[in-house]
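The values are calculated or read from the model by the stated rules, or taken from the named source; none is laboratory data. This is a predicted model, so every value here is computed, not measured. Accessible surface areas use protein heavy atoms only, side chains included; no ligands, DNA or RNA. Shrake-Rupley method; radii C 1.70, N 1.55, O 1.52, S 1.80 Å.
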Amino acid sequence: MSFLDDAFKGLYTQFILHDIMGKIIPGSLVLLAGCFFFYSSLGEVFRDAKNVPFALWLVGIGLAWLVGFGLQSARNDMGRGQVDESTTRYRHRIKFYQLAGPYEYQQLNRFWLVRDATGNGSNSLFVVAILLAAKLVVMWVAGELNLSLAAIVLLAAGLGLALRKISNSYDEKRSIFMKTTISLHQEKET
């Protein structure tokens, strides 16, 4: 049973889930929408993807991770305050890691995983909506009107907004959890 506990814990602490859910999947959505921009249908993208060599798939996964990391960096830079605010955040984080036990550390990682997956997913859906809207404009100029694509643009934007709300909620929960943990441990010390 210890192996399973360690493996499950490792999913959170070794960034395996963070990488897949928070970077590779959102980055893949953007890359897929980018590919679709140059094809006439999504079916053609998947048809051609079948012929891609394994080594290129690995490069694609790496590229998706980089795109996801870029989405996260953009999200982290949006709405950030002054240096003093970042310093306070880092102080809280350092204090938390000094005081937290294994359960608290794992719970914090769960909050971070959901926040990153939904936040980066939100950003990726906004980029997807922009790319697909651009394709829709190109098709419209060419005399082709695709209402299905227009619906997908609206759906991507709507889902992006919903994921943004979830991400902000989990960021707040994470912050409250860290502050509460610090406070409880400091009370025990006195």
Keeping the other protein chains in place, figure out the carbon and sulfur percent of the accessible area of the chain, with a 1.4 Å probe.
68
Once the piece of chain linking ARG47 and ALA74 is laid out straight, how much longer is it, given 0.36 nm per residue of separation minus the C-alpha distance between them?
6.5 nm
Could you check which residue among LYS179, LYS95, LYS50 shows the biggest mean-square fluctuation in a GNM of the chain with a 10 Å Cα cutoff?
LYS50
Which of the lysines could be linked to LYS188 by a straight reach, that is with a Cα gap under 24 Å, when you skip same-chain ones fewer than 8 residues away?
LYS95, LYS173, LYS179
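Given the alpha-carbon gyration tensor of the chain, what are the semi-axes of its equivalent ellipsoid in whole angstrom, ordered largest first, with each equal to the square root of 5 times an eigenvalue? Show your work: numbers first, answer last.
Details: eigenvalues 300, 85, 32 Å².
Calculated on Cα positions only, the semi-axes equal 39, 21, 13 Å.
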